[in-house]
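Undergrad: Encoded as structure tokens, here's the structure I'll be asking about.
The values are calculated or read from the model by the stated rules, or taken from the named source; none is laboratory data. Remember, predicted model here, so these are calculated numbers, not experimental data. With ideal geometry, Cβ positions are generated from the backbone for all residues, glycine too; neighbour counts draw on all protein chains shown.
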């Protein structure tokens, strides 16, 4: 998978944990973040009040949340492939968290 340099230029909340994300090259992705909301960084985003505080960081041009969570803009851009990888990693984070309880 190529790893280009992209900038998020806009987004819209279109449903629970779902965003439409626009990029500087004209690509638009609809992303359901639910499968990746695991682990110390992303699990707090399950709180919709926190999730809905998403914004675009003006320096790195990607989506960020108040708790410090963010995603590489290339990952967001290539979500159909990268999202599957992220979901598999999130599943591992959740298993590790359960094993630690």
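So that you can scan it fast, the table gives a plain yes or no per residue for (1) within 30 Å of residue 98 (Cα to Cα); (2) at pLDDT 95 or above; (3) part of a helix (DSSP H, G or I):
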{"site": "3", "(1), (2), (3)": "no, no, no"}
{"site": "11", "(1), (2), (3)": "no, yes, no"}
{"site": "19", "(1), (2), (3)": "yes, yes, no"}
{"site": "22", "(1), (2), (3)": "no, yes, no"}
{"site": "41", "(1), (2), (3)": "yes, no, yes"}
{"site": "61", "(1), (2), (3)": "no, yes, no"}
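Undergrad: Let me ask another. Go through the range 63-81 residue by residue and tally those that are assigned to a helix (DSSP H, G or I) and surrounded by fewer than 18 Cβ atoms within 10 Å (Cβ to Cβ).
TA: Residues meeting the conditions: 3.
Undergrad: Can you find, within the range 28-60, the residue that is nearest to residue 88 (Cα to Cα) among those that are touching a helix residue (DSSP H, G or I) at 6+ places or on another chain (Cβ under 7 Å) and surrounded by fewer than 16 Cβ atoms within 10 Å (Cβ to Cβ)?
TA: Applying the filter and picking the extreme gives 35.
Undergrad: Still on this structure, I have one more. Using beta carbons and a limit of 9 Å, which pairs, at least six apart or on different chains, have the first residue in the range 66-88 and over 20 Å from residue 9 (Cβ atoms) and the second one at pLDDT below 90 and in a loop (DSSP other than H, G, I, E, B)?
TA: Within 9 Å, the pairs are 81/1; 85/1.
Undergrad: Mind checking whether some residue in the range 26-35 is over 26 Å from residue 5 (Cβ atoms) and modelled with pLDDT of 90 or more?
TA: Scanning the range 26-35 turns up at least one residue that is over 26 Å from residue 5 (Cβ atoms) and modelled with pLDDT of 90 or more.
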